[in-house]
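Participant: Structure below; questions to follow.
The values are calculated or read from the model by the stated rules, or taken from the named source; none is laboratory data. Keep in mind it's a predicted model, so treat the numbers as computed, not measured. Here the Cβ positions follow ideal geometry from the backbone for every residue, glycine too, while neighbour counts run over all protein chains shown.
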Amino acid sequence: MGVSIKAKVGRDSMRTFTTGAVASVFSILTGVIIARTLGPSGKGIYSGVQLLHTAVLSVSSGVGGAITYYLTKRAQPITALIPALLRILLMVCCLAWAALALWALLRGITTVQIIFMVVVPASVVLSWQPAIFISLDRIKNLNYQNVGLALTTLVAVSVVLLVFHAGTSAAIIAWVICVYGTALVVIAFTIKAVRAESRASEPVALAQLLSFGFRSSLTGALSFMNSRVDSLIVIGLIGISGFGIYSMATGIAEVLYMISQALGTSIARSIGVSDFHTSALITAKAIRLNTIVVGLVSALLFAFAPFLIDKVYGRLFDPAAAPLRILLPGLVIFSATRIFNSFFTYQLGRPMFAVYLLAAVTMLQIAGCFVFIPRVGLAGAALASTAAYLVATLGQTWYFCKVSSLPVSSVWLPTRSDAGQLWNSAGAIARNAHAK
């Protein structure tokens, strides 16, 4: 790994981590306000809409993988992708609306579902946001947008619930407005990037983009199912209030993904444009660094989970402590998934391995949920998820080591230089913050 790549990855990952931490604080505060004003039921409904939003992100983000692949590995200008992207946007929206219309015919429709139908186009645009900004080497802009969305959502939800004392639907509408604001920023940036391009290129065929995007979308959809199927089964077996409590546990635990997201975001472009050996080394080092930091944060969360949940969210959410503690070990390992997938997709151009693995693991997770939830409740959902996370990550490790010829130890055993790099990076952040 060259010195310049190390410096860039370190700078981008720490910047992304820092802004991600700020965005997570804003998101946690939003969750606290919703939990304390609306209770488990209201929190469950709000989280349910965001669950559907995440589903759209997961499916259409496969096209985001294709965007990154064509802009980095194939060196295509973004202009060449625009015609196909517009068609895909329309296709995804029509499919989502058709699915909701069918649900409405069978089960009726609610205000919350109508609100979700409105947010679908913006959800699709946001699913491509990381790919566009990463591929064009504008990670700083991406970081600021993520913070902006979290902050505006906090302000909007606070005004709606604390000033106007409105209900759950109003809080969701406030969030939708913030999502659309961010989507418009992404569209404006893309238009500016298109106008700045000087070279002409043949448009990438819709079939090409769909072919790559479909395979990546399968990965995204199965990743969503792998990470959310426990929540869906909790809703079915325990109810929306139980989901409101369980979503608190998963929401806190998934703050850990902020770390892997920071690393994954910063290295995605380098993985795509580097030679094979360098790309593998970048991936392995990122996973080791991720393991150190996520492990330390998880240990703190494990120790103080009951106290934090009780004092921050209130006693109604105390049952979330046990599933949170069970989820943490699996999430420490599973948080590396995003980094592995960047290598499989952008360097190898083989997103299908993750599809096969996640399909098998998701079936295992579903079976575990139906076995354990009736017996031990919310803790059973967490237990099934942790087991599935471990199996998925073991499979990814095996495949990565097979194709890269790197030993397992180089992926999972942190070195003294890793710890030193983290220490130096933390010191640099502290000095920069003090200088400002």
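Participant: Please indicate, with yes or no, whether at least one residue in segment 343-358 is modelled with pLDDT under 85 and touching a Leu at 6+ places or on another chain (Cβ under 7 Å).
Facilitator: Yes; the residues of segment 343-358 include at least one that is modelled with pLDDT under 85 and touching a Leu at 6+ places or on another chain (Cβ under 7 Å).
Participant: Can I ask one more? Consider segment 332-351. How many of its residues are more than 19 Å from the chain's Cα centre (by Cα) and either within 30 Å of D310 (Cα to Cα) or part of a helix (DSSP H, G or I) (or both)?
Facilitator: Qualifying residue count, segment 332-351: 1.
Participant: Kindly provide the set of residues from segment 309-331 that are of a type in the set (G, A, S) and part of a helix (DSSP H, G or I), ordered by number.
Facilitator: If the condition is that a residue be of a type in the set (G, A, S) and part of a helix (DSSP H, G or I), then A320, A321, A322, G330 are the ones that fit.
Participant: For segment 246-295, which positions are within 19 Å of the chain's Cα centre (by Cα) and among the charged types (D, E, K, R)?
Facilitator: Within segment 246-295, E254, R269 qualify.
Participant: Given the criteria of a type outside the set (G, A, S), out of contact with any Asp or Glu (no Cβ under 9 Å at 6 or more places or on another chain) and not in a helix (DSSP H, G or I), does L406 qualify?
Facilitator: Yes, satisfied.
Participant: Scan segment 395-436 for residues that are surrounded by 10 or more Cβ atoms within 10 Å (Cβ to Cβ), at pLDDT below 70 and among the small types (G, A, S) and jot them down.
Facilitator: S425, A426, G427, A428, A430
Participant: Now, a different point. Please state which one of A75, A80 is in contact with a Pro (Cβ under 8 Å, 6 or more places away or on another chain) and within 28 Å of V273 (Cα to Cα).
Facilitator: A80
Participant: Taking the stated definitions as given, is V125 surrounded by 18 or more Cβ atoms within 10 Å (Cβ to Cβ) and farther than 22 Å from A35 by Cβ?
Facilitator: yes
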